[in-house]
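Report on the structure given below.
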Amino acid sequence: MLHGLLLTYVLAAASASKGKSIFGRSYSPTTYSKFKNSSHPGTANCSELFYEQTIDHFTSPPPPLRYTTYNQRYFLNVDYYDSTKPATIFFYFGNEADVSLYVNNTGLMWESAADFNAILLFAEHRYYGVSQPFGADFDITNKDLMQYLSVEQALADYAELLHFVRSDLKVGEDVAVIGFGGSYGGMLASWGRFKYPQHFDGVIAASAPIISFVGQKVDPNFFAEGMTYDVKESGGVDDNGACEANLRKAFEQEWLVELAKSEAGRKQLSSGLGLCDEVGDASAGFDAMYWLNSALSYMAMGDYPYSSDYILNGDGFLPAFPVVEACKFLGEDMTKGGEEEDDLLAGLSLFAGVYYNNSGSVECYNLTSAVNPAAETQETLWNFQYCTEIFQIFGQEGGETDIFWNAPWDAEEAAENCATMYWGEEPRQEFIYESYGDIEEWARATSNIVWSNGELDPWRGGGVGQNLSESLLSVVVPKAAHHVDLFFANEGDTAEILAVREFEKGQMRVWAESRRN
């Protein structure tokens, strides 16, 4: 999941755009918490294991503090595996979170395991969860200790771990390895197939914005356009354009910024949004826009047809189609000003509260706080990855393009902003493109990948949207959001979601049989 990836959008937009209150209404989560299903297999069905992993796979000088290895966590399940029958290894490419989140949610692996006589292996990404190089000595402000948080090191971890598990379980060479990953994990799965085809026979790369980098051909406004799509009728919002109009006033017209320019406006802003403390200066206007934007970003990613705790790291629930639910608080046009201003602020607060107040127990908001501690940790690490090599393109223009303020993509300004955060060093802007190529190279040089994207997922525009060959396939899931096809089957699944999962399993069978033959 792209928990942290949303911070890249905020980071780029912020760089390019430099220019206790009691709620009157509340949003109750009790109407949708009943959908949680604890009967699914997950970490309780696995062995939690640790592999003594190499910290630096590529250079000869030893890492700092005399560390050369770290304990990489992985979860292993062999309940479906019979060594006397044709088998498969299912490998999950852990991304920017505690790997248990993916163990407990990647139903496509669990529900396919029996049919494939599969070993299930979920690998945790270095620096996330408990897979911490340098252990208790780790310091996120220390450049020398952070330098090993990279795509190339993580992929080398996965290749080494997989080789160890195959050897340890004495798995035959005719056993295929099928990779799975969603969001950043889907990018890792794709890059793993490109770089280590001898290890990974094929991958399901769901909601992977893998063409969103400098050097590749992508609409720089794709993410802003995707969020705009979701607050319109196209996203299921039926209010004659009211939600869109209200958000345009907040974002495109920079109304919140204007409010924060005066003392009276800041008091109105603080009270209307339900902030814990009265804001003290004009910068609060931009803080409010980013806070509201972040809520919309995550709800758009989590626009599933049923209630889910996934976007919240398992800590709280969003309702089914949360953007539609949130837009109900902005279902009347409140853009004319005057007495409607307080109503609009209250509506914006409740809109954002579907995300930030998912528990129904939050009494007030802080504009700069993450939704929960797990998200804050992930975002801190992800910002470093963005500012070193995951340098994705994000812009917005307003008008016909999207609902946001004008902030065209500016690579140099975004890079300079990163340099102020990280030791004066700018991102390797074209590293991903130079290392892993683009769709033309992939069509010529690789095979056996399914890229899936949800229609409602704002990351869709940064993903592969067309078939590149007979074995490099792209599918768009109608009225679906962020890698829902990887999840467990749910009574709320649409026919299209079910069909995509069956299509993916069909490709998996082809890859497994090809390895055996």
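The values are calculated or read from the model by the stated rules, or taken from the named source; none is laboratory data. Bear in mind that the values here come from a model prediction, so they are computed numbers and not experimental data. Glycine also receives a Cβ, built like all others from the backbone with ideal geometry; neighbour counts cover every protein chain displayed. Heads up: the accessible areas ignore ligands, DNA and RNA and are worked out on the full protein's heavy atoms, side chains in. Shrake-Rupley method; radii C 1.70, N 1.55, O 1.52, S 1.80 Å.
Filtering the stretch 307-333 down to residues that are aliphatic (A, V, I, L, M) and out of contact with any Cys (no Cβ under 7 Å at 6 or more places or on another chain), which residue is farthest from Ala295 (Cα to Cα)? Walk me through it before giving the result.
Here is the first cut: in the stretch 307-333, the ones aliphatic (A, V, I, L, M) are 311-312, 318, 320, 323-324, 326, 330.
Then drop every residue that is not out of contact with any Cys (no Cβ under 7 Å at 6 or more places or on another chain), which leaves 311-312, 318, 320, 323-324, 326.
Values: Ile311: 11, Leu312: 11, Leu318: 11, Ala320: 15, Val323: 10, Val324: 13, Ala326: 10 Å.
Of everything passing the filter in the stretch 307-333, Ala320 is farthest from Ala295 (Cα to Cα).
Flag set for Phe122, criterion: within 21 Å of Arg193 (Cα to Cα) and part of a strand (DSSP E or B). Residue pairs whose Cβ atoms lie under 8 Å apart, separated by 6 or more positions or on different chains, with the first residue in the stretch 374-402 and under 23 Å from Tyr356 (Cα atoms) and the second among the polar types (S, T, N, Q) and surrounded by 19 or more Cβ atoms within 10 Å (Cβ to Cβ), are Ala374/Asn313; Ala375/Asn313; Gln378/Asn313; Trp382/Thr8; Asn383/Thr8.
Restricting attention to strands (runs of 3 or more DSSP E) lying wholly within the stretch 36-112, give those where 1 or more residues are open to solvent by 60 Å² or more (accessible area, probe 1.4 Å). Give the derivation first.
On the way: elements: 47-54, 69-77, 88-93.
Because the criterion is at least 1 residues that are open to solvent by 60 Å² or more (accessible area, probe 1.4 Å), the strands (runs of 3 or more DSSP E) in the stretch 36-112 that meet it are 47-54, 69-77.
Going by the conditions given, is Ser271 surrounded by 20 or more Cβ atoms within 10 Å (Cβ to Cβ) and at pLDDT 95 or above? Break it down stepwise before answering.
Numbers: surrounded by 20 or more Cβ atoms within 10 Å (Cβ to Cβ): no; at pLDDT 95 or above: yes.
Taking the combined requirement at face value, the residue does not satisfy it.
From (1) buried (at least 19 other Cβ atoms within 10 Å of the Cβ); (2) among the acidic types (Asp, Glu); (3) assigned to a loop (DSSP other than H, G, I, E, B), pick out the condition that doesn't hold for Glu379. For Glu379, the failing item is (3). Residue count for the stretch 246-268 under the criterion of being surrounded by fewer than 20 Cβ atoms within 10 Å (Cβ to Cβ) and part of a helix (DSSP H, G or I): the result is 5.
Taking the stated definitions as given, is Gly135 touching a Leu at 6+ places or on another chain (Cβ under 8 Å) and more than 30 Å from Glu430 (Cα to Cα)? First the steps, then the outcome.
Values: touching a Leu at 6+ places or on another chain (Cβ under 8 Å): no; more than 30 Å from Glu430 (Cα to Cα): yes.
Judged against the criteria, Gly135 is not a match.
Just to be sure before I move on: is Ala136 of a type in the set (A, V, I, L, M, F, W, C) and over 21 Å from the mean Cα position of the chain (by Cα) in the structure I sent? For Ala136, the condition - of a type in the set (A, V, I, L, M, F, W, C) and over 21 Å from the mean Cα position of the chain (by Cα) - is met. Among the candidates Tyr310, Tyr304, the residue that is open to solvent by less than 10 Å² (accessible area, probe 1.4 Å) and out of contact with any helix residue (DSSP H, G or I) (no Cβ under 7 Å at 6 or more places or on another chain) is uniquely Tyr310.
Taking the stretch 453-467 as the range and being within 12 Å of Ser183 (Cβ to Cβ) and hydrophobic (A, V, I, L, M, F, W, C) as the test, only Trp459 passes. Of the helices (runs of 4 or more DSSP H) that lie entirely inside the stretch 410-517, those containing 1 or more residues that are under 21 Å from the mean Cα position of the chain (by Cα), of a type outside the set (S, T, N, Q) and crowded, with 18+ Cβ neighbours inside 10 Å span 411-421, 431-436, 495-516. Tallying residues that are of a type outside the set (S, T, N, Q) and part of a helix (DSSP H, G or I) within the stretch 333-372 yields 16.
Within the stretch 222-236, identify whether any single residue is at pLDDT below 95 and either in a loop (DSSP other than H, G, I, E, B) or open to solvent by 10 Å² or more (accessible area, probe 1.4 Å) (or both), and answer yes or no.
At the first step, the residues of the stretch 222-236 found to be at pLDDT below 95 are none.
No, the stretch 222-236 has no match at all.
Residues of the stretch 125-178 being outside any loop (DSSP other than H, G, I, E, B), within 26 Å of Asn383 (Cβ to Cβ) and either of a type in the set (Lys, Arg) or open to solvent by 20 Å² or more (accessible area, probe 1.4 Å) (or both), which ones? Selection gives Gly135, Ala136, Asp137, Lys143, Asp144, Glu152. Of all residues assigned to the stretch 341-360, at least one qualifies as being among the acidic types (Asp, Glu) and closer than 17 Å to Asp239 by Cβ.
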